[in-house]
Amino acid sequence: MTTHSEHRTPTPTPTLSWTVAPEPFTTRDATDLRRAYYAEVAGRYWERQVTEAEIDQGLLDFPDDGLVPPAGQFVVGRLAGEPLACGGIRLLDPRTAELTRVYVDERARGTGGGAALLKVLEAEARALGAERVRLDTRSDLVEARALYARHGYAEIPAYNSGPYAQHWFEKRLV
């Protein structure tokens, strides 16, 4: 008796991919992401949920107006078309750019969004003429510090005296 084994071709799992592109920080998607960023970093710092009024005040206290050409850029990352990440780059001087507002929605963490943001933001920094990128972050933002270390950023001495800066990083682009 002959038996026939059934050969099944595995159904491919759709690969979700990130697209990251410049976008004015004033668009609805960019604004929603900036608000989510602030809600998370402030909430973690204060160890409580923040109010809408606190988010409004935080965005006024720390404006993103430097994240526009010719001295900066803001980007939005989309996973399968959904806006779930953002970040900004701005020149500190003609050769040094600074990363800021790097955020990936917690629903999309672990999917490559942080790496996709960094790749585009570093390209934007190069386009602005920067030879290095710097950033500051806090001790409690362990995921961010791990992301930067994985992508070639090394801790450096303080280059600013920001009220929330506890760790400073730099990456050479050339």
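Once you order the gyration tensor axes a ≥ b ≥ c over the Cα atoms, which shape class does the stretch 90-174 get: rounded for a/c under 1.5, otherwise prolate or oblate by comparing a/b with b/c?
oblate
Net charge within 12 Å of residue 28 by Cβ-Cβ distance, Lys/Arg positive one each and Asp/Glu negative one each, not counting residue 28 itself?
Net local charge, residue 28 excluded: -1.
Mind ranking 139-145, 110-116 by how tightly packed they are, going by the mean number of other C-beta atoms within 10 angstrom, highest first?
Going by the mean number of other Cβ atoms within 10 Å, highest first, we get 110-116, 139-145.
Mind listing P(r) for the chain? All alpha-carbon pairs, 5 Å bins, whole percents.
Result, from short to long distances: 1, 8, 16, 20, 20, 15, 7, 3, 2, 2, 2, 2, 1, 1, 1, 0, 0 percent.
Dipole size in debye (nearest 20) for the chain around its Cα centre, Lys and Arg Cβ +1, Asp and Glu Cβ -1?
580 debye
Using a Gaussian network model of the chain whose springs link C-alpha atoms within less than 10 Å, name the residue from 159, 148, 103 with the highest mean-square fluctuation.
Ranking 159, 148, 103 by mean-square fluctuation puts 159 first.
Around residue 44, with a cut-off of 12 angstrom between Cβ atoms, what is the net charge of the other residues, counting Lys and Arg +1 and Asp and Glu -1?
So the environment of residue 44 carries a net charge of -3.
State in Å² the accessible area per residue of the chain; use a 1.4 Å probe, count heavy atoms of protein chains only, and round to the nearest integer.
Roughly 58 Å² per residue, with all protein chains present.
Carbon and sulfur together cover what percent of the accessible area of the stretch 113-174 at a 1.4 Å probe radius?
53 percent
The values are calculated or read from the model by the stated rules, or taken from the named source; none is laboratory data. All of these numbers come straight from a predicted model, not from anything done at the bench. Note that each Cβ is placed from the backbone with ideal geometry, even for glycine, and that neighbours are counted across all protein chains shown. The protein model used for the area step is the full one, side chains on, heavy atoms only, and it has no ligands, DNA or RNA in it. Shrake-Rupley method; radii C 1.70, N 1.55, O 1.52, S 1.80 Å.
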